[in-house]
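Chemist: Take a look at this one; I'll ask things after.
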Amino acid sequence: MGKNDFLTPKAIANRIKAKGLQKLRWYCQMCQKQCRDENGFKCHCMSESHQRQMQIFGQNPDRIVSGYSEEFERNFLDLMKRSHRFSRVAATVVYNEFINDRHHVHMNSTQWETLTEFL
Ligand SMILES: [Zn+2]
């Protein structure tokens, strides 16, 4: 790869994509709220609406996590059926498509730590 590849549309798109993935860290599943950065996320965590959501979560964390896990699994398999019905495909490819939907269930809200564990 030459030095100038850095400026190709493809390289730029890849960088934007990589940035988008970083942003996944600042997502609150309980409120379905995406924050811009660490600071925004901290502010969100102190907000009253978030505290209320966390109280709901605290009353029944197991049920909520397993609910998100089921939803994650169902949506993931749906996506595979829809787009990769007749082909073998790497799970990471499906996962990348999956998280393109900004309202997807985030993995850190499920019972699985990693994609490998989920598979
Ligand atoms: Zn929240």
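Chemist: So which trypsin sites (Lys or Arg not before Pro) in the stretch 19-119 pass both tests, a DSSP loop state and at most 12 other Cβ atoms within 10 Å of the Cβ?
Modeler: Counting only loop positions with at most 12 other Cβ atoms within 10 Å, the trypsin sites (Lys or Arg not before Pro) in the stretch 19-119 are R36, R85, R88, R102.
Chemist: Taking amide hydrogens as modeled 1.01 Å from N in the peptide plane, which residues meet the under 5 Å criterion relative to K33, leaving out close sequence neighbours?
Modeler: Residues meeting the amide H criterion: C28.
Chemist: Which FRET efficiency value, to the nearest 0.05, do you get for E117 and V89 by plugging their Cβ-Cβ distance into 1/(1 + (r/R0)^6) with R0 = 25 Å?
Modeler: Efficiency at R0 = 25 Å is approximately 0.85.
Chemist: For the stretch 24-119, which GluC sites (Glu not before Pro) are both in a DSSP coil and crowded by at most 11 other Cβ atoms within 10 Å?
Modeler: E113
Chemist: Can you give me the distance in nm between label points at M30 and Q59, each placed 7 Å from the Cα along the Cα-to-Cβ direction?
Modeler: My value for the distance between the label points is 1.2 nm.
Computed from the coordinates by the stated procedures, all read-outs in this text should not be read as laboratory data. Keep in mind it's a predicted model, so treat the numbers as computed, not measured. With ideal geometry, Cβ positions are generated from the backbone for all residues, glycine too; neighbour counts draw on all protein chains shown.
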